[in-house]
Amino acid sequence: MDKPEEILAKIQKLIDRNYGYKFEAYSFVLAALHYTMMPLSSPRHISGQEFCEGLRRYALDQFGPLARTVLEYWGIHATFDFGKIVFALVEVGLMRKTDEDTLDDFRDVYEFESAFNNKMVFE
């Protein structure tokens, strides 16, 4: 298991590669994995679609009507962005995937506008 400073270094490595996401986006996805897995009766692999739903529920739980605004501030505008973050985290060893998992599993799982329909804009 990685030590906290090793996790931070791995995330910083991703940010340095300029994938377009803020640090918080990566830490959010890691926390959302835990949130998504907790209700399961036993640990198992989850699909990209299942994880997208867990990410949606976690965002709404954490940020309420500000969820979409927060995610977009971090650079996340679609479920495909969640997939890019997941696969980047896999690349640095902070998440795992199976041979069957693909980035396309995260493509167009839901529309952000309808999934987070209470977007708040501050001027």
Subject >> Odd one out for residue 19, checked against (1) crowded, with 19+ Cβ neighbours inside 10 Å; (2) of a type in the set (Phe, Trp, Tyr); (3) more than 22 Å from residue 115 (Cα to Cα) >> reply: (1)
**OP:** Hand me the list of helices (runs of 4 or more DSSP H) wholly inside the stretch 9-123 holding 2 or more residues that are among the hydroxyl-bearing types (Ser, Thr, Tyr).
**Re:** 23-37, 67-73
Subject >> Which listed residue is farther than 17 Å from residue 24 by Cβ and either out of contact with any His (no Cβ under 6 Å at 6 or more places or on another chain) or free of Cβ contacts under 8 Å to residues at least 60 places away in the same chain (or both), from 98, 69 >> reply: 98
Original post:
Would you call residue 108 acidic (Asp, Glu), at pLDDT 95 or above and exposed (fewer than 11 other Cβ atoms within 10 Å of the Cβ)?
Top reply: yes
**OP:** Identify, by number, the condition in (1) under 21 Å from residue 117 (Cβ atoms); (2) more than 11 Å from the chain's Cα centre (by Cα); (3) surrounded by fewer than 20 Cβ atoms within 10 Å (Cβ to Cβ) that residue 67 doesn't meet.
**Re:** (3)
**OP:** Filter the stretch 32-57 for residues that are under 21 Å from residue 10 (Cα atoms) and loosely packed, with under 14 Cβ neighbours inside 10 Å and give the result.
**Re:** 34
Original post:
Listed residues 8, 40, 14; which is within 18 Å of the chain's Cα centre (by Cα) and either within 26 Å of residue 99 (Cα to Cα) or of a type outside the set (A, V, I, L, M) (or both)?
Top reply: 14
Subject >> Residue in the stretch 69-92 that is at pLDDT 95 or above and within 11 Å of residue 33 (Cα to Cα) present >> reply: yes
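The values are calculated or read from the model by the stated rules, or taken from the named source; none is laboratory data. Computed from a prediction, not measured in an experiment: that's the story for all the values here. Every residue, glycine as well, gets a Cβ built from its backbone with ideal geometry; the counts of neighbours run over all protein chains shown.
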